[in-house]
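Please treat every number below as a calculation from the coordinates, not as lab data. Being a predicted model, the structure only gives us computed values, none of them experimental. So basically every Cβ, Gly included, is an ideal-geometry build from the backbone, and we count neighbours across all protein chains shown.
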Amino acid sequence: MAGVSEQVDPSASSPSSPGAARARPARLSVLDRVRLSLLAAGLLCVLTGLLPRADAVDNMRRIGPLLLFLGSVVVLAELTRRARVFEVIAHRVVIAARGNYPALFVLCVLFASATTVLLNLDTTAVLLTPVMLAVAAPARIAPLPLAMTTLWLANTASLLLPVSNLTNLLASDRVGMDATAFAAAMWAPQLASMLVTSVCLWVFFWRRRQRDSDRYVVPEPVRLDGADERRLFRITAGACVLFIVAVPILGERVEFAAAAAALIALAAFAVLDRSALTFSLIPWRLLVFVVGLFLVVPTLSRHGLDDVMRGLIGADPGAAGAYRAAGAGAALSNIANNLPAYTAGEAVVPEQNRNQLLALLIGTNVGPVITPWASLATLLCLEFCRSHGVRIPLSRFVRTGIVLAVLATSAAVGALLVFG
């Protein structure tokens, strides 16, 4: 294959990509058809009795808050992008490094990590990736290092808070941990994962042998035109800050923080730029995928999948069981996708084996960096690479991804066992 980006469906836009939706309103991408087919299959499972209706209702009640959170945070992220918040920050990051590549590397790692941890990995994929790639041209920076930084850290920096990843919300609900308790258990695995990712990024993509020059051109800062644009910038940036601050206060009810922040941003655009409020803001693709998944996976679990997962993961509460769960989660994520891999694995991990469940979570969060379809964030990042003409050879993507997945997952599980 010439490049990974060629493997991603060109019309598979992000859940909040309004431009693509307006350009081809009547056309569904391959991924859209897969999502709708998954939902149809899930509904068929309920109608035929393969999944008892009571179980289906229980699953929908469980993911109701997750759907509110996902819908709200995607709307908030898209309106923040329209208000140019990420564009301004990205240019400031590049300017702050003053043409120095090592300084730029550190700032990019911190920026991508903070976006993933505090907002969500899909925010990094959907918003930060295209912004960083757009900054590359005026600064004359090779786009590949920037692309791989956002792609890898969208996955490997998503361990610290329940809001960082949908799988985290599921895991924190399963073990009964609020945001503070979850962060207390996962700070060491997150730090280990980020350190390993940083080393791999520098060795494989950022060091002098991997780029054309010693310095880059410092771009001009972004100028906001007009009073309304400046007001939108301040209000949406404030809404993001409000969401971040409210997460530890609200604990398990993070969906209310996301909904409140999204409503603030929506109100601002309703007054200052109503043209941005279109149907395409609603992330129906993501919501359809999650609902279908939570109908199909429980059905498969009732009809044999549980036995397969139990054989792969086992029930050992110690270190061996933790590494086994993490390895199974990472492997299944790269074969299928990390969300079904986690939900299938969660169903067979004994409730008292907290470390084993968190190790499974590490495997499904940190491990999906080997294949293009391993996580939604990876798919989205690669689609933006394709649209910006950034080619990543498949062999290089897989080779470097294997190294990162093995080292970062092992280090994170080790940190969990020692400090968690």
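Data overview
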item: Overall form of segment 228-274 per C-alpha gyration tensor (a/c, 1.5; a/b vs b/c); result: oblate
item: Alpha-carbon centroid distance for the pair segment 152-166 / segment 351-391, whole angstrom; result: 9
item: Cα gyration tensor category, rounded, prolate or oblate, for segment 140-236 with a/c compared to 1.5; result: oblate
item: Which of 37, 164, 72 has the fewest Cβ neighbours within 10 Å, and the rest in rising order; result: 37, 72, 164
item: Residue order, fewest to most beta carbons within 10 Å, for 254, 290, 418; result: 418, 290, 254
item: Under 20 Å from the residue 250 label point (7 Å along Cα→beta-carbon), backbone N, segment 170-207; result: 170-184
item: Residue (of 189, 276, 264) at the positive-pole extreme of segment 37-419, dipole from beta-carbon charges; result: 276
item: Gain in span if fully extended, residue 351 to residue 57, counting 0.36 nm per residue against the direct Cα distance; result: 103.7 nm
item: Peptide ranges 92-102, 190-200 listed from the most packed, as the mean C-beta count within 10 angstrom indicates; result: 190-200, 92-102
item: Estimated distance in nm for a label pair at residue 96 and residue 263, the labels positioned 7 Å out from Cα along Cα-to-Cβ; result: 3.3
item: Charge dipole (debye, nearest 20) of segment 37-419; +1 at Cβ of Lys and Arg, -1 at Cβ of Asp and Glu; result: 1040
item: Proxy reagent accessibility, fewest Cβ within 10 Å first, across 156, 378; result: 378, 156
item: Pairwise Cα inverse-distance average, inverted: Kirkwood Rh of segment 358-403 (Å); result: 11.3
item: Prolate/oblate/rounded call for segment 101-173, Cα gyration tensor, a/c under 1.5 rounded; result: prolate
